[in-house]
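Data block below; observations after.
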Amino acid sequence: FLLLVCVCQSGAESLRYSVPEEMERDSFVGNIAKDLGVPVSQLAARKARVVSEGNEQLFRLHQNTGVLTAKESLDREHICPQSDTCS
């Protein structure tokens, strides 16, 4: 039982943010550390990262502050050309 609890607590967390279309480069999206409730120092220790489905990284995580920003201007038609909604 103790091993199961340790494994479960070390699992990955997921966060979702909504961002407006045409968001400018370097715009604030969220604070990962605050939203996960972990100290900023733990982001690097836990190897926090942003994962994208495609080849493009659209967001940047600043591990020393926990701030997530848009890496470039976001254009829904470019990211999800065949869809009314984009995830």
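Annotations for the structure displayed:
- Sole residue being at pLDDT 90 or above and open to solvent by less than 50 Å² (accessible area, probe 1.4 Å), chosen from G11, G30: G30
- Among the conditions (1) open to solvent by less than 40 Å² (accessible area, probe 1.4 Å); (2) farther than 16 Å from Y17 by Cβ, S41 misses just one, which is (1).
- When residues of segment 32-56 are limited to those that are under 11 Å from the mean Cα position of the chain (by Cα) and in a loop (DSSP other than H, G, I, E, B), the one nearest to D75 (Cα to Cα): S52
Residues checked against (1) over 19 Å from S14 (Cβ atoms); (2) without any contact (Cβ under 8 Å) to a residue 12 or more places away in the chain; (3) open to solvent by 60 Å² or more (accessible area, probe 1.4 Å):
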position	(1), (2), (3)
D35	no, no, yes
R46	no, yes, yes
E72	yes, no, yes
D84	yes, yes, yes
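- Selection from segment 48-64 of residues that are among the β-branched types (V, I, T) and either surrounded by fewer than 14 Cβ atoms within 10 Å (Cβ to Cβ) or over 16 Å from L15 (Cβ atoms) (or both): V51
- Filtered residues of segment 17-27 (kept if small (G, A, S) and surrounded by 10 or more Cβ atoms within 10 Å (Cβ to Cβ)): S27
- Filtering segment 57-87 to residues that are among the charged types (D, E, K, R) and either closer than 17 Å to E24 by Cβ or in a helix (DSSP H, G or I) (or both) leaves R60, K71, E72, D75, R76, E77.
The values are calculated or read from the model by the stated rules, or taken from the named source; none is laboratory data. What you see is a predicted model; the values in this text were computed from it and never measured. Here the Cβ is made from the backbone with ideal geometry for all residues, glycine too, and neighbour counts use every protein chain on show. Heads up: the accessible areas ignore ligands, DNA and RNA and are worked out on the full protein's heavy atoms, side chains in. Shrake-Rupley method; radii C 1.70, N 1.55, O 1.52, S 1.80 Å.
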